[in-house]
Amino acid sequence: ADTIKVGVIGPFSGPFALQGKNFQAGVEAYMALNGKTVKGHTVEVVYRDLPAANPAQSRALAQELIVKDKVQYLGGVYFTPDALAITPLLKQANAPLVIFNAATSAIMTQSPLVVRTSFTTAQTTTPLGKIAVDRGVKKIISAVSDYGPGVDAEAAFKKAFEAAGGQVVEAIRMPLNTNDFSPIMQRVRSSGAEGVFAFLPSGPTTLGFVKAFNDTGLKQAGIKFFAPGDLTQESDLPALGDGALGLLTTFHYAVSHESPENKRFVEAATKAIGSPEQLSFPSVGAYDGMHVIYKMIEATDGKQDAQKAVDAVKGLAWTSPRGPVSIDAETRHITENIYLREVVKGPDGKTFNKEIETFPNQKDPGLASQ
Amino acid sequence: MQTILSIGLDAFAYGMALFIICIGLSLTMGLMRVVNLAHGAFAMIAGYIASYAARDLGMGYAIAIALAILGTIVISIPLERLLFRRIYGSPELTQVLMTIGITFCVIGITNYFFGPTLKTIPLPEALAQPVDVGFRTISAHRLFVIACGVVVATGLWFLIEKTAFGIKLRATVDNAAMADALGVRTQVVYAVSFAIAIGLAALGGVVGAEFLPIEPYYALRYMVTFLVVVSVGGAGSIPGAVVACIVLGAIDTTGRYLMPEFGNFFFYAAVIGIVCVFPRGFFGRAQ
Amino acid sequence: MPAASLEVRSLSAGYGPTVVLEDVSFSVPAGSRLSILGRNGMGKTTLLSSLMGLTRRYGGEIRVNGNDVAGDKSSERALKGVGLVPQTRDIFRSLTVEENLLVGIKDRPRSVIQEAYDMFPRLHERRRNLGWQLSGGEQQMLSTARTILGRPSVLLLDEPLEGLAPVICDELMAAFTRLAASGEMTILLVEQRLESALDFAESVLILERGQIVWQGSSEALRSDHSLVEHYIGVGSLH
Amino acid sequence: MQVIAPSEKLVAPSHTGAQIGRDVAGVLLIIAAGLAGYWLFPDNLALLTRVIAVALMVLSLDLIVGYCGIATLGHAALFGAGAYAAGIACVNGVTEPLTLIVIGAVGGAAAGLVMGTIMLRAHGLPQLVLSIAIVQLFHEAANKASAYTGGSDGLSGLMPSPLFGVFEFDLWGQTAYLFGLILLVFVFIVLKFVVSSPFGMLCRGIKEDQVRIRAMGAFVFPVLLKMFVISGAVAGMGGALAAISTQVVGLDSVSFELSANALVMLVLGGLGTLYGALVGTVIFMGFEHVVSSINPFHWMTMVGALLIAVVLAAPKGLSGLTDRLFASGRAKGGR
Amino acid sequence: MSELFRVEGLTKSFGGLAVSRNISLAMPAGERLALIGPNGAGKTTFVNLVTGQIKPSAGRVVLNGDDVTDLGAVRRVRKGLVRTFQVTRLFSDMTPEEHVTLTVLQREGRASRILSRFTGDSTVADEVHGLLGALGLVEVARRKVGEIAYGQQRLLEIAIALALKPKVLLLDEPAAGVPSSETPRIEQALERLPPSLAVLMIEHDMDLVFRFAKRVVVLAAGEIIFEGLPFEVAANDKVREAYLGNYANARSVA
Ligand SMILES: Nc1ncnc2c1ncn2[C@@H]1O[C@H](COP(=O)(O)OP(=O)(O)OP(=O)(O)O)[C@@H](O)[C@H]1O
Ligand SMILES: Nc1ncnc2c1ncn2[C@@H]1O[C@H](COP(=O)(O)OP(=O)(O)OP(=O)(O)O)[C@@H](O)[C@H]1O
Ligand SMILES: [Mg+2]
Ligand SMILES: [Mg+2]
């Protein structure tokens, strides 16, 4: 019976601290519900803070976790470039990397020792194409933040939407640090589109975007609004307030998901994070990530053998708080349901993401297309 | 034409919001010669207080603003006594070090107590309505911000250029030892000006929260914006700050309208252009 | 404010770790005039600055009309009647001439700045100009006028004639003498031109390396050339 | 033409000999500290290598800020230019480490030339803002040119070949660290010469009063521009070292945040002495690393407290503190 | 001897204030000229115009037959047109020795070299020590300028100007702040200047002016109101009224 160390890298401070806290909540929830030992081996988690995308630091942290802290497993990683910086190390380190969040398809091709339990932007976005057309929107304007995931979202949506018969009349890329979105809304208005597709990273800018959408009267004018679920992350909903009512988003997980597994998870994770308002999707990525790591430890019986560990979880299927999921044997990316959700008001007067439609067993179309 | 007017109005409102937040910093930097990078931290503290008062305690918007300004000033007093007073007259970079330190601490503490989520300050009915201004609708809040900006600009200009206090303040900044030797109680002058600057930061933080939402990272996230606006205007100059806010607000807004994907290019290229033409900022005080 | 007496007892002062003045003691009766002489770098400026509270004090007492002000900040001393015209002029560069004068008036009404313009008409001509735009002599005038407007009872003058045209020097010295004679001010003057210094003052004090090496009446010094040569240097008196 | 015959001899003894002795001791101390780091923290070499890369950047920042008196919050533009130059070269088949360092230096120097040309048009705050604007433009450009730079995903897949064909850049990072250390010592010695040359003295003069320097008959702009280019080369080497050792280049290497951090480190260590730059970098990064591993969630408060404490205890930076200790021993001190 | 330096019709105004009105002046080699005048007459401005710190609105500056009006301040210095500042402009963190060394190196075109050492050249060092010695600055040669007395800073200001080996030297109140006991040092230093040099001195210390100058020019309100030999100055009514006051009386008595 050894102590097996798992190194978790995430943004625990800085502007994305909320996401890091969710990582931690997911990990702690899993360990609270499933114990701290696997086959008699004690699991110990070492957290390392990486406040913002910074590949060099990411690599230094991973290296240190491996060389100094002697971790057998790496987990976490919120941003894609940070994951890309770690992948070249894995082989030499003989350690698998289980990604809790970083959502660019291409990471998986960089190393056979990567497994991902989150989602990709393409995965969560693709169903929106059909949804939009189904709701009678033929002409749409796309507005995405100008960085990797935003560009991914734009491409995935365009492909799906055009395949379903729609037309993207204009594609806007907005700088990440935009504070005032009313000029963008003016563009939307003058483009003559019937709907808007948006992708923004969760955080303060979503608030400004939704506010501007309402304030400039686009909502009253009947313009439809579609976005992947990052935009209505549960922790942002209180700030968005009633302005968010009726927004349609697609995502792999809603805190409100109804299932006994999720109930148990939410209870445990809320306890770990402290305040129920702060809980959102990264926690479930971490929770399932820990599940995968536990399975790996089980399969290797505590010995350090990255390849064997990864092989052991290929095809692994289980019921996650988000619904039924499995690890795709070929891509090592998670196969999961994507849900269409609408922001509605609950009986307690608070808004939440209500799942109204399910797209089962979605793989990552981003990888499939490569 | 309509679009131009419309964009212009947005730009003006955005510029005025920036102005209210930044003018306090412009005073501290231009008049007190303190590069107070913690300015945003004070605006943020005010935002938290206002949010707490209005959302959690259900107080009115006006009361929340007043409480936020008072509360922030009260919090700033011990900081001024213990920390800022040590760096008046220090080299700018020392001030940068100290005020960044303060910012980090404020961020850390806010994060600890209030959590990392966004905080909103609910607007009263009257300000939450969209108002029809003829060619479009605009939220009443934006008009309110514009009005606040105008009041602040004229009030401050009068205080600094026309009153005895203004002269004492400028003298103190110019040469504190000599002002002291002429009987000006420089510490009092500094403390009062500091309080005014903090009060303005607080006001800006609260009324500008619709543009720059309140969250723990606020203080660092917008630091560059504030610094750029203040310097382009010419630190310490009120007309300069007004012009800079409106011009930069307009460039930012039209840039984002015309070609959002090059929004930042536009903005920073314009900044470089302006500084090259006005190497002291629009209304830089002669050194 | 009527003139005040000044008493200094074993004052030591300097800059940071450097002690410049050591154990300086002297006293000046109310309404009298004292010149302070000494070669370059002997501590004359430091002495005046210390009286104003602008240097670091290591010990000693400074009494104005019997009250110890050594612990006071310079603004307190200024309000108690000490006024300094510094050697480096220290005008407020970014303020206009008029604003510079307004800083000096303490709580007197604004209209008193006319007194300054009467004294130096040149300043009236330049009243809207910023401090940094003034010529050297104009800055000197401004510095002097600014301090005098505050009606100090003890006036400390650090080379106030420097850079002024002879015709103005004469007028200014006459004005200082008048102010002292009217019983309104006690004046301490640091002046390089020995003759002006001796003409002006009743008594003289010579500093060397931060210490008082000679103290006496101007007459005594004037009549003793060897003293002058010894402490101040050759060729000073023509 | 001898204007005036010497009439008195200088009384104070010459400082030159003592100065050289101190410099040699300083360099030895750096080497010793570097090797001590190697033996004491064999598991932290990745971090230590990063410290060295950043130290190069902070050194080069000191040339601009400490010696020329030009405040800049955009120094990462030079660091990043070096990093991307080396990175892009490496991805395209130039994998020899020393060549990559040279490429980085050239990239940095070119960026320094651009930055200097623009920044020297203004003074004071507006100048600071120019530096911010420039680094933001660089950042934006790197983001846009994703075909070459990888955009926000970062430029990955750098495979530098072994140093001298023997020493691999591997997981344990010994090669990278020792390579970095040698580079640092080399650069440090060169810079010591630069700052004590007449050119360095001229820069110090410019820092204090440009009008005076002009009245001495020296042009200001070319001197400062030269310093920008030198500084760019050094920062570029730092960037190249970072690229080689971490094998990725991210947008953060041309960010405002990195620039601001570098400035904080420099001021923390003390301006205008090359040692200050090193001390500041090591202390800041070391402290940040330690507190962020102890408490990854609230370490920022601790770092903030450190900065405040330093300003209160040593307003001239940490190296100023040692100066002060020295000075109080001597008879005549500064202010 | 031929004329070394000449200005023609130099004119400048700040806003509405005409500070220099059509000033023309010529100086042969070896000239020792004093420029005096009331405060604010435009003397410093004249120096600024001549040395290129500010641009005249009209007029020419000719040095050695070359028109230098369009040259910048730096090039004029290199051509030998050197000034001192009325208010000292020195580097407070550097020592007098460093100041003068830097100036000498600059004069020889070696100041922007990276690959050479600042100290260690013995001919430079000798020259530097010679200059410092002549102005009595040896004792403070290795103290920071910020810590030495103002009078000594004034002397250093002159040492720097001399180190540039000027052809035309413009001294703006060189003795201001220097005690009368020390002014002989300045005079001595000036006396030992090579005779080919033209020197213009602005000074309010009339004793110094009369000892130094061979010719005096009086400026008032931006105009030259008098030009002549020293002894004529005191006799001129206009000058007396505008500038000299009682001094003239004192001298005529003496
Ligand atoms: N800021 C300072 N820091 C350290 N030492 C200083 C400082 N200012 C002056 N000194 C030193 O104090 C001594 C006295 O200087 P001070 O200026 O009082 O002389 P002074 O008699 O007024 O000379 P001067 O006639 O030139 O005006 C000098 O040796 C000088 O070097
Ligand atoms: N930049 C400026 N803007 C406005 N006025 C100026 C400027 N520079 C100088 N002046 C004015 O021009 C006049 C001449 O100044 P200058 O410095 O040449 O006088 P000066 O003859 O040297 O006097 P002093 O003997 O007092 O030094 C002064 O009245 C001054 O106020
Ligand atoms: Mg003095
Ligand atoms: Mg003058």
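Derivation of every value follows stated rules applied to the coordinates shown; laboratory data play no part. From a predicted model like this one, the values you see are computed outputs, not experimental measurements. Glycine also receives a Cβ, built like all others from the backbone with ideal geometry; neighbour counts cover every protein chain displayed.
Under 16 Å of direct C-alpha separation, and excluding same-chain neighbours fewer than eight residues apart, A:K271 reaches these lysines: A:K21, A:K263.
Altogether, the Stokes-Einstein calculation at 10 °C and 1.306 mPa s, with the Kirkwood radius of the protein assembly as shown over Cα pairs as Rh, returns a diffusion coefficient of 45 µm²/s. Amide H contacts under 5 Å for E:M201: E:L33, E:A34, E:L35, E:L171, restricted to partners 5 or more places along the chain or on a different chain, H placed in the peptide plane at 1.01 Å from N. Under 5 Å between amide hydrogens, built in the peptide plane, is the criterion, and for A:I172 it picks out A:S142, A:A143, A:V144 among residues at least 5 positions away or on other chains. The residue among D:G180, A:F79, E:G228 whose Cα reaches farthest toward the positive pole of the charge dipole of the protein assembly as shown, with charges on the beta-carbon of Lys, Arg, Asp and Glu, is E:G228.
Rounded to the nearest whole Hz, the Karplus-based 3J(HN,Hα) values (6.51 cos²θ - 1.76 cosθ + 1.60, θ = phi - 60°) of region C:120-131 follow the sequence 10, x, 4, 5, 5, 4, 9, 5, 8, 7, 6, x, with x at glycine and proline. Only the Cβ atoms of Lys and Arg (+1) and of Asp and Glu (-1) were treated as charged; on that basis the dipole of the protein assembly as shown about its Cα centre amounts to roughly 740 debye.
Dipole magnitude for chain D: computed about the Cα centre from +1 point charges on Lys and Arg Cβ and -1 point charges on Asp and Glu Cβ, it is near 1280 debye.
Taking the Cα centre of region B:2-277 as the origin, how large is its charge dipole in debye, to the nearest 20, when only Lys and Arg (+1) and Asp and Glu (-1) carry charge on their Cβ atoms? Could the numbers behind the result be given before it?
Details: 14 positive and 13 negative charges, 105 e Å.
For region B:2-277, the charge dipole is close to 500 debye.
For the residue pairs E:K43/E:K79; D:K207/E:K12; A:K91/A:K314; A:K36/A:K314; A:K159/A:K224, alpha carbon separations beyond 26 Å are given by D:K207/E:K12.
Cross-link partners for E:K214 among the aspartates and glutamates, with Cα-Cα distance under 12 Å and sequence neighbours closer than 8 places in the same chain left out: E:E31, E:E227, E:E232.
Among A:D328, A:D82, B:D10, A:D69, which comes first, second and so on when ranked by fewest other beta-carbon atoms within 10 Å?
On the way: A:D328 18, A:D82 32, B:D10 28, A:D69 15.
Ranked by crowding around the Cβ, least crowded first: A:D69, A:D328, B:D10, A:D82.
When only Cα pairs below 8 angstrom with a gap of at least 6 residues are kept, chain A shows a relative contact order of 19 percent. Taking 19 Å as the straight-line reach from the Cα of B:K162, the lysines in range (excluding those fewer than 8 positions away in the same chain) are C:K106. Going by a ≥ b ≥ c, the root eigenvalues of the Cα gyration tensor, does region B:80-160 fall in the rounded group (a/c under 1.5), the prolate group (a/b larger than b/c) or the oblate group? Oblate, because a/c is 1.5 or more while a/b does not exceed b/c.
In region D:4-255, the C-alpha radius of gyration followed by the widest Cα-Cα span (Dmax) gives 19.9, 70 angstrom.
Neighbour counting of Cβ atoms within 10 Å sorts the residues A:K303, A:K130, fewest neighbours leading, into A:K303, A:K130.
Amide H contacts for A:K219 (H built 1.01 Å from N in the peptide plane; partners 5 or more residues away or on another chain; cut-off under 5 Å): none found.
Normalised by the number of residues in region B:86-144, the average gap of Cα pairs under 8 Å and 6 or more apart makes the relative contact order 17 percent. With semi-axes defined as the square roots of five times the eigenvalues of the C-alpha gyration tensor, the equivalent ellipsoid of region E:3-253 measures 31, 22, 16 Å, largest first.
The mean sequence separation of alpha-carbon pairs under 8 Å and at least six residues apart, normalised by the residue count of chain B, gives a relative contact order of 36 percent.
Phi-derived couplings, Karplus 6.51 cos²θ - 1.76 cosθ + 1.60 at θ = phi - 60°, listed residue by residue for region A:167-178: 9, 8, 7, 7, 10, 9, 10, 9, x, 4, 9, 5 Hz, with x used for Gly and Pro. Since only D:V195, D:T149, D:M237 are under comparison, the one whose Cα sits farthest along the positive direction of the charge dipole of region D:4-255, derived from C-beta charges on Lys, Arg, Asp and Glu, is D:V195. Across region B:226-235, computed HN-Hα scalar couplings (Karplus, 6.51 cos²θ - 1.76 cosθ + 1.60, θ = phi - 60°) run 4, 4, 5, 4, 4, 6, 5, x, x, 4 Hz from first to last residue, x flagging Gly and Pro.
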